[in-house]
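Scroll down for the structure; my scribbles are underneath it.
The values are calculated or read from the model by the stated rules, or taken from the named source; none is laboratory data. Please read all numbers here as calculations on a predicted model, not as lab measurements. Ideal geometry is used to build each Cβ from the backbone, glycine not excepted, and the neighbour counts take in all protein chains shown. Each accessible area value is taken on the protein alone, full model and side chains, heavy atoms only, with ligands, DNA and RNA left out. Shrake-Rupley method; radii C 1.70, N 1.55, O 1.52, S 1.80 Å.
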Amino acid sequence: MKRRWLQTVVGILLGTLLGTAFVMAYRIGSEGMYLIGIPDADEVQRVTVAYPSVTDEVKVLTDEEDIELAVNLSGFLKYELFSESDADGEPLVTITYDMATGETVTVSANRDTVWWKGKAHAIKEEETFLNVTEALFFQPEMVGE
């Protein structure tokens, strides 16, 4: 009786594990992979956002709400795991997160490529990151073009 109960529990756990793995693989394949290691907003002291092709001015964000927006902006940088990226391209936007611990975390992107931790990845939803960045932080400069 005890052995049968154990087999049932192991079967349920194994089925749950396999189901979860399948769902995760499907979501990553269809929606893209998040950048792993982006800091939490409460760990960030300051954010700088540079978009040299639009303005020479570097935006410095210290307000908690702006920092949270900049951290959440990285969610638009989901990438395709098995796709080739244009590693030779140039980044258009660079976001640097200055941590309370003194370290810095930097992510850069153009319309179809994200550079993260020294590697280039193909962005799943091209253009979205730049469009949202422009709307949030560079709207006056974009209107002036």
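Just for the range 1-41: of the residues that are under 27 Å from Ile67 (Cα atoms) and out of contact with any helix residue (DSSP H, G or I) (no Cβ under 8 Å at 6 or more places or on another chain), which one is surrounded by the most Cβ atoms within 10 Å (Cβ to Cβ)? I'd like the intermediate steps shown before the answer.
First, the residues of the range 1-41 that are under 27 Å from Ile67 (Cα atoms): 28, 31-41.
The next check asks that each one be out of contact with any helix residue (DSSP H, G or I) (no Cβ under 8 Å at 6 or more places or on another chain); those that pass are 28, 31-33, 36-37.
Numbers: Ile28: 16, Glu31: 12, Gly32: 20, Met33: 16, Ile36: 7, Gly37: 10.
Looking at the filtered set, the residue picked out is Gly32.
For the range 93-107, does any single residue satisfy the condition of being more than 20 Å from Val47 (Cα to Cα), assigned to a strand (DSSP E or B) and either among the aliphatic types (A, V, I, L, M) or modelled with pLDDT of 95 or more (or both)? No, the range 93-107 has no match at all.
Taken over the range 57-81, residues that are within 17 Å of the chain's Cα centre (by Cα) and not in a helix (DSSP H, G or I) amount to 4.
Every residue, every condition in (1) over 19 Å from Gly118 (Cβ atoms); (2) open to solvent by less than 30 Å² (accessible area, probe 1.4 Å); (3) acidic (Asp, Glu), yes or no:
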{"site": "Glu43", "(1), (2), (3)": "yes, no, yes"}
{"site": "Val47", "(1), (2), (3)": "yes, yes, no"}
{"site": "Tyr51", "(1), (2), (3)": "yes, yes, no"}
{"site": "Asp56", "(1), (2), (3)": "yes, no, yes"}
{"site": "Ile67", "(1), (2), (3)": "yes, yes, no"}
{"site": "Phe76", "(1), (2), (3)": "yes, no, no"}
{"site": "Ser83", "(1), (2), (3)": "no, no, no"}
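Residues of the range 96-106 that are touching a residue at least 24 places away in the same chain (Cβ under 8 Å), within 17 Å of the chain's Cα centre (by Cα) and either within 10 Å of Val49 (Cα to Cα) or open to solvent by 60 Å² or more (accessible area, probe 1.4 Å) (or both): Thr96, Tyr97.
Restricting attention to the range 118-131, the residues being touching a strand residue (DSSP E or B) at 6+ places or on another chain (Cβ under 9 Å), over 13 Å from Leu81 (Cα atoms) and in contact (Cβ under 8 Å) with a residue 40 or more places away in the chain number 1.
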